[in-house]
1. For K126, list the aspartates and glutamates whose Cα falls under 18 Å from its own Cα; do not include residues on the same chain fewer than 8 positions away.
2. Sort 164-177, 106-119 for me by packing, meaning the mean count of neighbouring Cβ atoms within 10 Å per residue, highest on top.
3. Could you tell me what percent of the DSSP beta bridges with both partners in the stretch 3-177 are antiparallel, to the nearest 5?
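Derivation of every value follows stated rules applied to the coordinates shown; laboratory data play no part. The structure displayed is predicted, hence computed values, not measured ones. All Cβ positions, glycine included, derive from the backbone under ideal geometry; neighbour counts span all protein chains shown.
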Amino acid sequence: MRFNGDSFAAGGGRGPSKARGKQEAIRLTADHLHLAYVMYIEQREREGIGKSPGEEESFCLKCKDGGDVLLCDFEGCVKSYHMRCCSLKKVPEGLWECPRHRCINCGSGPSQTDSQGHKREPDGAKLRPCRTCPVTYCDRCLPEASMSEGDTGEVVCVDCQELHHSDNSLLERDLMAWNPDLFTST
Ligand SMILES: [Zn+2]
Ligand SMILES: [Zn+2]
Ligand SMILES: [Zn+2]
Ligand SMILES: [Zn+2]
């Protein structure tokens, strides 16, 4: 089991942290974090980061915040999660593979562990993980409304599409002026 320890809410490597005089505190919402995460993975893609061990993501795929995150042991997977976001009460011993390697509906997929890290029988089902959250379907269970994402095999699930399609300009403005000292958690 491996951990990573950056934090978004604490400003983990994400720009200036000096307070700039008096300014209205910005309430840090789940929508902010989602958009920040999208910007984060897009930047990593532009820079070609995230294909090798040691290049795991610093933010939880479920809630998009940082802190102590659990790293997935599936080969080539760079996603990270809080234990609480995976309903894990204790750190799994041995292998732990994240929700992107099992269908959320029928359970098929190449994962060698279940959500709690217990061994299970993998199969060859082709999976369609959502680009921006842990929701993953096999080809047979994939809802028609899912949006295909390039040639990576990833999709954007129905819930995440809502955020992609809404007007994010206000959120973006907040994030451009990113300063952790100005944000209060909700
Ligand atoms: Zn989380
Ligand atoms: Zn994974
Ligand atoms: Zn399925
Ligand atoms: Zn999603």
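1. Straight-line reach from K126, under 18 Å: E75, E97, D114, D139, E144, E149, D151, E154.
2. Numbers: 164-177: 13.1, 106-119: 17.3.
Packing proxy ranking, top to bottom: 106-119, 164-177.
3. Around 85 percent of the beta bridges assigned by DSSP in the stretch 3-177 are antiparallel ones.
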